[in-house]
Amino acid sequence: MTDVATEHLVPDLVDVAVPLGGRVLVCSDLHLGERADAATEHVAASIARAIGERPGPGVVILDGDCFELLGERHRDPARALAAHPRLSAALRDFAAGPNRRVVVVAGNHDGALAWQTSAATALRRQIGAEVALAVDLCFDTGGGPVRVRVEHGHQLDPANSFVDPRDPGETPLGHHVVTDLLPQLRRPDARWIEGIDLLGDPNDTLPVIASRLWYRRIARWVGALVLPIVAGVAMLVVRAAGGPAGLASVGRTTLLAGAVLVAAVLVGGAWWAAVLSRPLGALRPDLSGGAAPGNDAPRMRARRLATEGYVGYVSGHTHDPELTDLGGAFYANTGCGGHLLHRRPGRLGLPPAFSRARMVSWLELEAGAQLRVSLHVGYQEVPSTTVLERLCTKPAPLSGARPVAVALWPDGESWPPRPEVWRRRQRIRRAAAAVLAGAGVLDIVSAVTPPLRSRLLYVEDVVPLAVSQAAAVLTVLSGIALVLLARGVRRGQRHAWTVAVALLVASVALHIVKGFDLEEGVAAGVIAAWLAAVHDHFAVRPDRVATRRGLGTLLFGALAAVAAGVAATEAFSGHVRRPTVRLALQAVTERMVGVRSTALPLRIDRFLAPTLLATSVGLVVAAGWLLFQPVLAHRLPNRPPEAEEQARRLVAAHGGDTLSYFALRADKLWFFFGDTLVAYAVHQGVCLVSPDPIGPVAERWQAWAAFRRFADDHGWPVAVLGASEAWLPVYRGSGMHDLYVGDEAVVDVRRFSLEGGRNKGLRQAVNRIANKGYSIEFHDPAKLPSDLERELRALMGESRRGQVERGFSMTLSRVFDPADEGLLLAVCIGPDGRPAAFCHYVPAPGIRGWSLDLMRRSEGDHPNGLTDFVVVRTIEHLREQGMVGLGLNFSVMRSVLAGERGDRTTVRVQRWLLRRMSDSMQIESLWRFNAKFDPDWVPRYAVFDAPEHLLAAAVAVAQAESFWELPVVGRFLKPKQPEPEPEAETACLPDGGALEAPSGDPVRTSPLP
């Protein structure tokens, strides 16, 4: 008879009700085997103690891999329980109590529980446990019932998932690793990789091997090479203490030998870095916002379950304990119990090391007035590292041997703590740019300052004076290059960092050769060492197009300058003996770098030498500017059709903000993360995001962190335009800054009324226009009659101002597009039956209504107040349809104009400036127009990532919003670009248009003036 468990014995899902006041303890990945050791006994005792301290009704869930059946000869969990009697007794006593249950979830190491009847029966007999593949916990809380899903999580790992968990013959890849590969790594001759079998994630195998190779195989040979250098430097310092006389004993042979040794070390290091570039690349720290990379898949499942009504998701498998708030829901990982390898971060940019640690962790859930969740972790390092590993790495923050509550939900902190990754990265890049600029200025000042005579005499004993002069010129060029490189380093560009470090290392030698300037050389060396230590913060890829342009500029410019110099030498030598072409080429090439060792006729040399040097400097500046400019949007592909479909689906599902639909603009690119859409555009090297990312609340933190990584990979500073208050905590949590820029007017159509004295003017205007025969028609703009569409397009053309229409963050950029089905168009029909004005609206599910996109009126002979008439009739129409809100225009700095920001001097100055600007920019008139409809004011913000990027972000916003169309100031903001083709102008009709519409009717504006 086959010993195969039935689905009745081991169900796919078991429902467990937890009454008010009940508690649930969940642990996983204890890997208890037939033989106990110190680690498993400690884990079993800790779990048993926790179970015994929980009185009253409750549930204990062993959430997968609590029994090691994969590597054992006998697949019998009873043997593991017998080897750990204290835990066995605690579970048995708990299950015997009233209103208590013990549930064992089958994992992958104990997957036999799902198909082996004897194993499941043994657990029922020994500890009174049920066996299932997953558990649904239904908590009865003061706020009502809430559900939490509990699974082991191995099904989310392709290497350990089962197609059919009840198939005894199925063996995933992870099983072969455990049964075939890991036993080979435990051999006595493989002690240098001991503990690798303790990895929770086999994907960490490569980083462990690379780390052990570095610290336990290669480092001793590196030390043998470094010792002679250290000894030589020490000897040089001792002799330098005796002054020039002492230094004179250091001959050229000694210096040459030292240079050869240093070169050998550098070349060897570069070769080894290239050999291990891929495995060492795996050692770089991640920027996932503090959450373990191995938990990405279950965290994504938690977000999906949150959309299905679950309040939380609990898993194990990865051995990475976690409790993360997902915005009204949570994800928890129970961690593990026993020995594991943990990562010790490297010091000064060195690779991390891996050492043993003893962990025990579990999760507790309690049903009270609300569901409360706590994560308990005990984490203690076991001595297993070498002296070198301890010196070169930092101890990881561990919580201690006794488990303590490290995270609480919903009122406490998450675990692991979210590090201030972006703040630290910004500080390091900012400091690096400032230090590089200072080092460049120091190089220039040092090169133009005459050297000390005593030091120069010593240098002349070693190298010719012409070499010192050339070194001084190269130092100036190096200084200029460092100043230029500061821009690229501030943006985190790897190639800028590489060139900067190389120049700093070269500067050390140049400072010595040009005048034995030890102070400047030491400063350059220290800066180079510090930049090398923080190299992980400079990983932005270069722009290949800009790189080709920069190198081409430098190459062809240099060739042209040399050719022109040789031609001038040959043509204007006069009666003086004309130099040969070879000699002229050598002399001109030398003068390109400021050297005059090859003689030229005096008259030509006086003109040619400074000209060629200035040309070199100009070429270096131009090439550097092109090489290290930010990555431009031309590197990004066009939007594929499937991306368009996905973006529309996400906007329809999660686009609650009044600006969400504007993410579908034709000039915006899209970034997807899970069920979140980020719409952005790149202007002047700045990534402008607008609107706020669209997606479920549970994904906000992770989606924004992923987008910041994406933008950082391209070297783009990030700015958000029209940000809402709901997203400010996420932006601020990632180290960004925000500025209030105004309010959006949102009318509650249920509350709006024309009655009362304060609405007398609006009521009279609407009645006057209605009495003259004007009426309103409502259409779906995607299904307009062709003749009406032609008339409306002609009407739009009447009120155009300038060549480019304004708008980016609060406009759609197109009208009457068949793809935009379901929008709302309110058309004002005049007494003659022709359109006189219209308003175009996009859906705004967040306010259960619509948001204004485009507002236009004819320049014909029509009465004032047409816009008021259209808006009022739209409000009445929405009220009849059962709608709630209507989003109108944006009012720049409304609270300042309204006096709601106080009466401080700065506020008064702002108010004065705004009123002065209102003459040409309709700032105050737009506020007063919106106020007529008694709206709710929704604040909007501009968000930027660093103060030094604020000006660049403002220029990018000016370009995106087409602010160069503004009177007076616009001409200074207008970028040089080709004239738009007529077809593109017709196909892309963004909102905004004229600054002042006919008859004083306002137009739709964007968040910044």
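A compact table of results
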| read-out | value |
| --- | --- |
| Region 750-783: number of residues that are under 47 Å from the mean Cα position of the chain (by Cα) and in a helix (DSSP H, G or I) | 3 |
| Out of 75, 54, 79, sole residue that is in a helix (DSSP H, G or I), basic (Lys, Arg) and out of contact with any His (no Cβ under 6 Å at 6 or more places or on another chain) | 79 |
| Verdict on residue 846 being touching a strand residue (DSSP E or B) at 6+ places or on another chain (Cβ under 9 Å) and either under 23 Å from residue 661 (Cα atoms) or not in a helix (DSSP H, G or I) (or both) | yes |
| Single match in 305, 350 (criterion: over 30 Å from residue 143 (Cα atoms), surrounded by fewer than 23 Cβ atoms within 10 Å (Cβ to Cβ) and hydrophobic (A, V, I, L, M, F, W, C)) | 350 |
| Pairs, first among the hydrophobic types (A, V, I, L, M, F, W, C) in region 948-966, second assigned to a helix (DSSP H, G or I) and at pLDDT 80 or above, C-beta under 8 Å, six or more apart | 963/957; 964/958 |
| Residue 778 within 24 Å of residue 844 (Cα to Cα) and either surrounded by fewer than 17 Cβ atoms within 10 Å (Cβ to Cβ) or not assigned by TED's automatic domain parsing to the domain that holds residue 946 (or both) | yes |
| So residue 489, is it assigned to a loop (DSSP other than H, G, I, E, B) and under 49 Å from the mean Cα position of the chain (by Cα) | no |
| Every residue from region 750-774 that is touching a helix residue (DSSP H, G or I) at 6+ places or on another chain (Cβ under 7 Å) and of a type outside the set (Gly, Ala, Ser) | 750, 752, 754, 762, 766, 769, 774 |
| Yes/no for residue 515 being in contact (Cβ under 8 Å) with a residue 60 or more places away in the chain and closer than 20 Å to residue 484 by Cβ | no |
| Residue within region 732-749 that is in contact with a helix residue (DSSP H, G or I) (Cβ under 7 Å, 6 or more places away or on another chain), of a type in the set (A, V, I, L, M, F, W, C) and assigned to a loop (DSSP other than H, G, I, E, B) present | yes |
| Residues of region 22-32 classified as modelled with pLDDT under 90 and either surrounded by fewer than 24 Cβ atoms within 10 Å (Cβ to Cβ) or over 30 Å from residue 338 (Cβ atoms) (or both), total | 0 |
| So residue 453, is it within 25 Å of residue 618 (Cα to Cα), of a type in the set (D, E, K, R) and at pLDDT below 85 | no |
| Some residue of region 551-568 being exposed (fewer than 14 other Cβ atoms within 10 Å of the Cβ), more than 49 Å from the chain's Cα centre (by Cα) and at pLDDT 75 or above | yes |
| Any chance residue 365 is under 28 Å from the mean Cα position of the chain (by Cα) and of a type outside the set (S, T, N, Q) | no |
| Region 426-452, residues that are touching a helix residue (DSSP H, G or I) at 6+ places or on another chain (Cβ under 9 Å) and among the basic types (Lys, Arg) | 429, 430 |
| Boolean, residue 823 is surrounded by 14 or more Cβ atoms within 10 Å (Cβ to Cβ), touching a residue at least 40 places away in the same chain (Cβ under 8 Å), assigned by TED's automatic domain parsing to the domain that holds residue 695 and out of contact with any helix residue (DSSP H, G or I) (no Cβ under 7 Å at 6 or more places or on another chain) | no |
| Residue in region 674-687 that is nearest to residue 487 (Cα to Cα), counting only those that are surrounded by fewer than 24 Cβ atoms within 10 Å (Cβ to Cβ) and of a type in the set (Gly, Ala, Ser) | 685 |
| Where residue 139 falls short, out of the listed (1) part of a helix (DSSP H, G or I); (2) surrounded by 20 or more Cβ atoms within 10 Å (Cβ to Cβ) | (1) |
| Per-region count, region 343-373, residues under 21 Å from residue 217 (Cβ atoms) and not in a loop (DSSP other than H, G, I, E, B) | 7 |
| One residue from 637, 691 being part of a loop (DSSP other than H, G, I, E, B), of a type outside the set (A, V, I, L, M, F, W, C) and modelled with pLDDT of 90 or more | 691 |
| Unique residue being surrounded by 15 or more Cβ atoms within 10 Å (Cβ to Cβ), at pLDDT 70 or above, assigned by TED's automatic domain parsing to the domain that holds residue 875 and assigned to a strand (DSSP E or B) when the list is 942, 953 | 942 |
| Candidates 690, 724 - the one that is closer than 30 Å to residue 870 by Cα, crowded, with 24+ Cβ neighbours inside 10 Å and assigned by TED's automatic domain parsing to the domain that holds residue 941 | 690 |
| Odd one out for residue 881 among (1) more than 24 Å from residue 761 (Cα to Cα); (2) of a type outside the set (D, E, K, R); (3) crowded, with 22+ Cβ neighbours inside 10 Å | (3) |
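The values are calculated or read from the model by the stated rules, or taken from the named source; none is laboratory data. On a predicted model such as this, the values are computed, not experimentally measured, just so you know. Virtual Cβ from ideal backbone geometry, glycine too; neighbours counted across all protein chains shown.
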